[in-house]
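Derivation of every value follows stated rules applied to the coordinates shown; laboratory data play no part. These numbers were taken from a predicted model, which means no experiment stands behind them. As a convention, Cβ positions derive from the backbone with ideal geometry for all residues, glycine included, and neighbour counts pool all protein chains shown.
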């Protein structure tokens with residue numbers, strides 16, 4: 001399966017850009033409907049696919065239920081370290097925000113520590129605690145010899161319940177569902193399921209048709225959620241399950257993409273895009289508030305992308321310079 005890792009790393013860059021679209025809403029000033037379709041519907045496939053890829057890669061390294069705990073520990077440590085490193089950037093910002101909103105410094109510190117443990121140190125970093133919990137759930141169930149198909153069905157039931165609670169508001173329950181249990185568990189389980197499954201590779205056309213109808217389903221569902229259930233910009237849709245099912249089959253089980261620059265660090269670049277982009281977004285929004293100017297959505301997206309790319313280049317140049325010094 002090694003040959004398919006290349007596809008995952010390349011597509012992760014596209015997914016990270018979709019996440020930036022969710023947060024910057026580039027079409028906001030052009031059309032309300034176009035903005036909702038892009039940022040409220042289509043871009044929502046990004047995070048579920050991140051979970052799918054993580055579950056797949058985790059499953060690829062697990063050969064038996066007896067060794068799953070030892071590898072899960074390594075996997076969790078790696079992602080926890082990434083989460084802690086990026087939290088150092090955003091932790092002071094959130095403490096300051098709590099403080100500005102009237103909390104004492106000690107209470108602000110406590111609230112941000114609480115958020116960092118349970119929901120994420122910043123609004124986009126919720127992915128890492130959710131991923132860790134999802135992998136833990138899969139690890140425990142697989143260790144006790146629960147069939148991978150049953151794990152997927154169990155996680156699907158939990159996800160569908162979360163959709164009914166958070167998106168369709170069927171149940172009058174105030175529960176936070178954008179977490180590892182209601183959200184990440186299903187998509188990690190889907191990736192884990194595919195890592196243990198022999199998939200026929202000659203069904204490309206069927207998968208393309210499946211993706212097409214699933215995206216149409218997503219658009220229709222998104223409009224129903226917005227105009228009927230009055231729950232705009234939801235993270236959870238029924239249709240995301242179908243889209244991820246067909247997309248992951250195409251990405252994982254077809255020919256690797258021919259790369260122009262084979263030595264480019266696609267995995268590290270997508271991670272940097274995802275983790276760093278809220279920082280220039282914060283600078284943009286804060287500057288416009290201070291200057292009492294009206295923010296332009298296209299310029300906002302462009303600014304965030306450009307600054308993020310510049311910082312990626314500076315970071316890489318610094319690391320290269322440091323390596324050269326150590327080699328002398």
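Projected label points at residue 176 and residue 316, each 7 Å from Cα along the beta carbon direction, are separated by 3.6 nanometres. The value of relative contact order for the chain, using C-alpha pairs under 8 Å at least six residues apart, is 28 percent. Between 221, 112, 97, the Gaussian network model of the chain with springs among Cα atoms under 10 angstrom shows the greatest mean-square fluctuation at 97. Taking a ≥ b ≥ c as the square roots of the eigenvalues of the Cα gyration tensor, an a/c ratio of 1.5 or more together with a/b larger than b/c marks the stretch 285-328 as prolate.
Between residue 117 and residue 326, how many nm apart are label points set 7 Å from Cα along the C-beta direction? The two pseudo-label positions are separated by 3.4 nm. All C-alpha to C-alpha distances of the stretch 1-112, sorted into 5 Å bins beginning at zero, yield P(r) values of 2, 10, 12, 12, 15, 15, 15, 11, 6, 3, 1 percent in whole numbers. Distance between the 7 Å Cα→Cβ label points at residue 105 and residue 61: 4.1 nm.
For the stretch 105-214, list log₁₀ I(q)/I(0) at each q in 0.12, 0.21 Å⁻¹, using the Debye formula over Cα point scatterers of equal strength and ignoring solvent, two decimals each. Values, matching the q order: -0.57, -1.15. With springs connecting C-alpha atoms under 10 Å apart, model the chain as a Gaussian network and identify which of 49, 252, 186 has the largest mean-square fluctuation. In the Gaussian network model the winner is 252. Highest mobility in the GNM of the chain, judged by mean-square fluctuation with C-alpha springs under 10 Å and restricted to 286, 167, 308, is found for 286. By definition, a body whose alpha carbon gyration tensor gives a ≥ b ≥ c is oblate when a/c is 1.5 or more and a/b is not larger than b/c, and the stretch 31-182 fits this oblate description.
Taking the inverse of the mean 1/r over every pair of distinct Cα atoms in the chain gives a Kirkwood hydrodynamic radius of 21.3 Å. When shorter helices are ignored and each DSSP H run of at least 4 residues is given -39500 (n - 2.57), the per-residue value for the chain at 222 nm works out to -23500 deg cm²/dmol. Where in the stretch 10-42 does the amide nitrogen come within less than 15 Å of the point 7 Å from the Cα of residue 294, taken along Cα to Cβ? Answer for the stretch 10-42: 28-32.
Distance from the Cα centre of the stretch 146-197 to that of the stretch 5-58, in angstrom? Between the Cα centres of the stretch 146-197 and the stretch 5-58 lies a distance of 19 Å.
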